[in-house]
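Asker: Mind having a look at this structure? Questions to follow.
The values are calculated or read from the model by the stated rules, or taken from the named source; none is laboratory data. This one's a predicted model, so the numbers in the text were calculated from it and none came from an experiment. Here the Cβ positions follow ideal geometry from the backbone for every residue, glycine too, while neighbour counts run over all protein chains shown. To get the accessible areas, we keep the full protein, side chains included, count just its heavy atoms, and leave off ligands, DNA and RNA. Shrake-Rupley method; radii C 1.70, N 1.55, O 1.52, S 1.80 Å.
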Amino acid sequence: MTPVHYKLPAGQYISDLNLQINPLHYVTHLCADTGMGKSSWVMETLCQQGPIIFAVPQRAQITQLQAKYGDRGDVEFIYGGHTALSDTSANIVCTYDQLPALQARLFCRNYTLVVDEVHKLYQAASYRGEAISGLLDVIQEGRFNRVVTLSATFNRELVPYLIDSWLEVSRIETVERHVALHLYVDKDAAAKDVLAGLESGSAPTIIRINDKEAMAAYRKMLEARGLTCLCVNRDVQATDEVVEMLTDESVAQYDVVLTTSLLDEAVNIQDQQIAELIVLNGKIHPEELKQFMGRFRQCNPPVRICLPHYMLGKQARALKAARQSAQVVINASRQIAEQILYECDALATVRKANGTLSGWFGFEPLRMKQGKVAANEAGMMASLYRADLNQCYQSEVALEQAMRRELKTLNWSVLDWDECPAEARDKALDQAVEQIGEDRTKALERCRQAMAESVAQHKRESNDPVNTVECLQALVNRCEHGTQEKVLASLWLELHQQVLIDPWDAFDALSQQQDRPIWHFHNTLHSNLFLKPVLQHLSTLPMGTVMTLAEARRHILEGLRQANRQYPALKELIPASNLKGVKVKRNNHFEVTDRFVRMIFREFTATPPVRSNNKDKIVFDGLGPFGYRYRLVHGEAPREGRKRTIRRIKPKIKAT
C-alpha cells in the first residue's frame with residue numbers, strides 16, 4: 001500500500017479536492033486533521049457516487065449532522081429511539097450500535113460504508129465492545145460494496161484488518177499549540193487547584209474528566225459559587241441543554257463545561273474564545289488530545305494536563321511484545337473454552353473464561369459470534385491501545401516526545417506543584433474536596449430518605465411484600481439527569497439488584513465507598529475459574545476458624561490444585577500473566593507468597609484486619625468482604641423485579 005498525499009491550500013476544504021477512491025479497493029482510509037471537512041465531503045460529495053451508510057460513534061454527532069443536513073430528502077438519521085427507516089432511503093447516518101439492525105433490513109452490497117472517527121475502534125473498544133466488534137466483522141467479512149474510514153489520528157498497527165488505500169490530506173501547520181503538564185501529590189490536590197482558578201464572566205473553560213460522579217459534584221459546587229455549568233456525557237447527550245449546545249455549536253453561555261471523551265468525537269464548537277482546555281486526573285493519549293483540541297477549531301486555547309504523580313513513570317511493555325502476548329492469550333483461551341463447553345453453554349463459557357483471564361491480562365479474550373465462541377479482537381485492540389498509552393506515560397520525556405509526534409508545533413512545559421512554595425498556591429478553595437465529600441453524603445441521605453418514604457408508603461397501601469428493586473428503580477427514574485442523586489441511586493440499584501441481598505447493606509456499602517471491592521469479590525466468585533475453587537474450598541470452613549498463616553496457605557493451595565485439575569491450561573498462562581504472588585515451580589507445583597494468602601482473606605472474606613502483634617493469626621468469618629450478605633454466597637439469584645420480602649437493616653451512617 002502506497003499512501004497518496006494531497007496538500008490542502010489555505011482556505012480550502014477536502015470537498016475542493018478531486019479525491020479519487022479506487023473502486024477495486026475494499027478498504028480506503030482518509031487521514032485528515034479536524035476542521036478540513038471530512039464529514040462535509042462524505043455528505044456532499046461521496047454520497048453523489050452512490051448510496052452510503054455513514055456510521056458515527058455517538059448520538060452527539062447525529063445531532064450536529066441533523067442540524068446541517070436534516071432538510072435533505074435523501075438522508076435519514078438512525079439512532080437509539082429513532083430507528084424508523086423509509087422504503088426509499090438513499091443515504092443513512094447512524095450510530096455504530098445501529099449498524100447490525102440496518103444490515104438485517106438492507107441489501108448492504110448496494111451501499112458504501114463510511115466509518116467516521118475510526119480510531120474509536122481501539123479507543124472505545126474497552127467500553128463499547130459489542131458495537132466495535134460488529135464494525136470489525138463488517139470490515140473483515142466484506143459485507144458492503146466498499147468501506148471508507150475517516151480519522152485525524154489513526155494507528156494502523158492497532159487494527160486487525162488490511163487497508164487497501166491510504167489517502168492523506170495535510171495543510172501546513174502554522175499554529176503553535178501550548179500544552180502544560182501539571183503534576184500533583186494526588187487527585188484531590190489536582191482537583192482543588194483546577195477548581196480554585198475558575199471564574200465567572202470570562203471565556204468558557206472546558207474540563208475533560210471521565211468520572212460522572214465527580215462531574216456532578218463539581219457542577220453543583222461551581223454553581224453554588226455562581227458559575228454557569230454544563231455537563232456533557234453519554235447519559236445526558238439527549239437533554240435539551242446538550243442538544244442546544246450541539247445544534248448551536250457554541251458553549252459561550254457557560255463559564256465551565258465538564259465533559260467526558262464525548263467531545264473528542266467529531267463535535268464542532270465554533271466559539272472564537274475558549275479560556276482553557278483542562279484534562280483532569282486521567283491520562284489522555286496524544287491522539288485523543290489532538291482530537292479534543294480539534295473540536296475548538298476557531299481558536300487555539302491552551303491545554304493543561306493535571307495528573308497525580310503516580311500516573312507517570314511506570315514501566316510499560318512494547319507494543320510488539322503486547323501484541324504477541326495478546327495472541328498467545330487468545331489461543332490459550334480457546335483451549336480453556338473447549339474444556340468449559342463440556343459444563344455449560346457457549347455464552348456461559350465465554351463469561352467464565354473472560355472473568356478469569358481479563359484480570360490477568362487486562363482484556364477479555366473471547367466473545368460470542370453467531371452463537372459460537374470467537375476471538376475478541378476488539379478487546380485485543382483495547383489492550384494494545386492501553387499498552388501504547390502506558391508507553392507514552394513512562395516518563396515526562398516519553399510523554400513530551402509522544403506529544404510532539406502528534407502536535408508538530410508544540411510549546412511544552414512541566415510544572416510540579418510539590419516544588420512550588422506554599423504561598424504560591426491559591427487558598428480560595430482549600431475546602432473544595434471536603435465540600436464535594438459533604439455534598440456526596442447529603443445526596444446519599446436524600447436518596448435514603450426517598451427510598452425509606454417509598455417503602456413506608458408501600459406498606460401503608462398494600463400488604464404485599466416490598467419489592468425493593470422496583471422501589472430503587474422508581475427512585476432512579478425520578479432523579480434529574482446529571483445530578484449526584486441520579487448517579488448514586490443508579491449505583492445503589494445495581495449493587496442491590498446484582499450483588500447484595502439487603503438494600504440497606506448496599507446503601508451502607510455505597511456510603512462507605514466500598515462498592516468497588518464488593519464488585520471485585522462478586523465477579524471473582526461468579527466467573528473466575530482460577531480463584532473460584534479457592535473461595536469455594538474456604539467456604540467449607542466453619543465460621544470463626546482460627547488458623548496460622550501456614551495453615552491458611554495449605555487451604556489456598558488445595559483450592560488452586562482443584563482449579564488445575566479442572567482446567568490444566570490455566571497453569572500454563574500464569575508465567576505470562578500479571579498475577580502477583582503465584583508461580584509454578586519446576587516440579588509443576590504451585591507456590592504462593594504470604595502476601596497472596598493475606599490478599600485472599602483480606603479481599604474475599606470477612607476476616608478482620610490482622611494486627612501487627614499477631615500477624616500470623618487469621619480468623620475466617622465467612623466469604624465476602626465487610627460482612628454483608630451476598631447473593632452468590634447465599635444462593636440468591638440477581639433480582640429482576642420479583643416480589644420478595646427483604647430484611648431491613650438500619651443504615652450505618654449519620655443523617656446530615
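Asker: Give 476, 487, 469 a once-over and let me know the one that is farther than 18 Å from residue 212 by Cα, of a type in the set (Val, Ile, Thr) and either part of a helix (DSSP H, G or I) or free of Cβ contacts under 8 Å to residues at least 60 places away in the same chain (or both). Don't jump to the end; show me each part of the working.
Answerer: Details: 476 fails: farther than 18 Å from residue 212 by Cα; 487 fails: farther than 18 Å from residue 212 by Cα.
Being farther than 18 Å from residue 212 by Cα, of a type in the set (Val, Ile, Thr) and either part of a helix (DSSP H, G or I) or free of Cβ contacts under 8 Å to residues at least 60 places away in the same chain (or both) holds for just one of 476, 487, 469, which is 469.
Asker: Can you tell me which residue within segment 224-266, out of those that are within 19 Å of the chain's Cα centre (by Cα) and among the hydrophobic types (A, V, I, L, M, F, W, C), is farthest from residue 277 (Cα to Cα)? Explain how you work it out, then say what you get.
Answerer: Let us first name the residues in segment 224-266 that are within 19 Å of the chain's Cα centre (by Cα), namely 231-237, 258-266.
With among the hydrophobic types (A, V, I, L, M, F, W, C) added as a condition, the list becomes 231-232, 236, 258, 262-263, 266.
Working: 231: 15, 232: 14, 236: 21, 258: 10, 262: 14, 263: 12, 266: 17 Å.
If we take residues in segment 224-266 being within 19 Å of the chain's Cα centre (by Cα) and among the hydrophobic types (A, V, I, L, M, F, W, C), then 236 is farthest from residue 277 (Cα to Cα).
Asker: Given the options 457, 449, 473, 484, name the one that is crowded, with 18+ Cβ neighbours inside 10 Å and either polar (S, T, N, Q) or touching a strand residue (DSSP E or B) at 6+ places or on another chain (Cβ under 7 Å) (or both). Can you show your working first?
Answerer: On the way: 457 fails: crowded, with 18+ Cβ neighbours inside 10 Å; 449 fails: crowded, with 18+ Cβ neighbours inside 10 Å; 473 fails: crowded, with 18+ Cβ neighbours inside 10 Å.
Within the list 457, 449, 473, 484, the selection yields 484.
Asker: To continue, here is another question. Among the candidates 516, 478, single out the residue that is open to solvent by 10 Å² or more (accessible area, probe 1.4 Å), of a type in the set (D, E, K, R) and either under 28 Å from residue 353 (Cα atoms) or touching a Cys at 6+ places or on another chain (Cβ under 6 Å) (or both). Break it down stepwise before answering.
Answerer: On the way: 478 fails: either under 28 Å from residue 353 (Cα atoms) or touching a Cys at 6+ places or on another chain (Cβ under 6 Å) (or both).
Exactly one of 516, 478 is open to solvent by 10 Å² or more (accessible area, probe 1.4 Å), of a type in the set (D, E, K, R) and either under 28 Å from residue 353 (Cα atoms) or touching a Cys at 6+ places or on another chain (Cβ under 6 Å) (or both), namely 516.
Asker: If I ask for residues that are in contact with a helix residue (DSSP H, G or I) (Cβ under 7 Å, 6 or more places away or on another chain), open to solvent by 40 Å² or more (accessible area, probe 1.4 Å) and β-branched (Val, Ile, Thr), which ones from segment 573-609 would you list?
Answerer: Passing the criteria: only 584.
Asker: Among the residues of segment 292-303, how many are within 17 Å of residue 400 (Cα to Cα) and in contact with a Ser or Thr (Cβ under 9 Å, 6 or more places away or on another chain)?
Answerer: Taking segment 292-303 and keeping what is within 17 Å of residue 400 (Cα to Cα), we get 293, 302-303.
Next, from what is left, pick out any that are in contact with a Ser or Thr (Cβ under 9 Å, 6 or more places away or on another chain): 293.
The qualifying residues number 1.
Asker: Which condition number does residue 169 fail, the rest of (1) open to solvent by 10 Å² or more (accessible area, probe 1.4 Å); (2) closer than 30 Å to residue 41 by Cβ; (3) touching a helix residue (DSSP H, G or I) at 6+ places or on another chain (Cβ under 7 Å) being met?
Answerer: That leaves (1) as the condition not met.
Asker: Could you list all residues from segment 437-446 that are open to solvent by less than 30 Å² (accessible area, probe 1.4 Å) and at pLDDT below 85?
Answerer: 439
Asker: Further question: Could you check residue 573 against (1) hydrophobic (A, V, I, L, M, F, W, C); (2) modelled with pLDDT of 85 or more; (3) assigned to a helix (DSSP H, G or I); (4) under 31 Å from the mean Cα position of the chain (by Cα) and say which number it fails?
Answerer: (2)
Asker: Quick one: which residue in 194, 175, 179 is buried (at least 22 other Cβ atoms within 10 Å of the Cβ), within 24 Å of residue 250 (Cα to Cα) and at pLDDT below 95?
Answerer: Working: 175 fails: buried (at least 22 other Cβ atoms within 10 Å of the Cβ); 179 fails: at pLDDT below 95.
The unique qualifying residue is 194.
Asker: Being over 26 Å from residue 310 (Cβ atoms) and in a strand (DSSP E or B) is the filter here; which residues of segment 372-412 pass it?
Answerer: Listed by number, the residues that qualify are 372, 373, 374, 375, 411.
Asker: For the subset of segment 261-289 comprising residues that are at pLDDT below 90 and within 19 Å of residue 121 (Cα to Cα), which member is surrounded by the most Cβ atoms within 10 Å (Cβ to Cβ)?
Answerer: 264
Asker: Something else: Output yes when any residue across segment 553-570 is among the aromatic types (Phe, Trp, Tyr), open to solvent by less than 60 Å² (accessible area, probe 1.4 Å), at pLDDT 90 or above and within 33 Å of the chain's Cα centre (by Cα), and no when none is.
Answerer: Start the filter on segment 553-570 by keeping residues that are among the aromatic types (Phe, Trp, Tyr), which leaves 567.
From the residues that got through so far, the ones that are open to solvent by less than 60 Å² (accessible area, probe 1.4 Å) too are 567.
Subsequent filtering for residues that are at pLDDT 90 or above retains none.
Among the residues of segment 553-570, not one is among the aromatic types (Phe, Trp, Tyr), open to solvent by less than 60 Å² (accessible area, probe 1.4 Å), at pLDDT 90 or above and within 33 Å of the chain's Cα centre (by Cα), which makes the answer no.
Asker: Looking at segment 598-655, which of the residues that are over 21 Å from residue 516 (Cα atoms) and modelled with pLDDT of 75 or more is nearest to the chain's Cα centre (by Cα)?
Answerer: Here the answer is 635.
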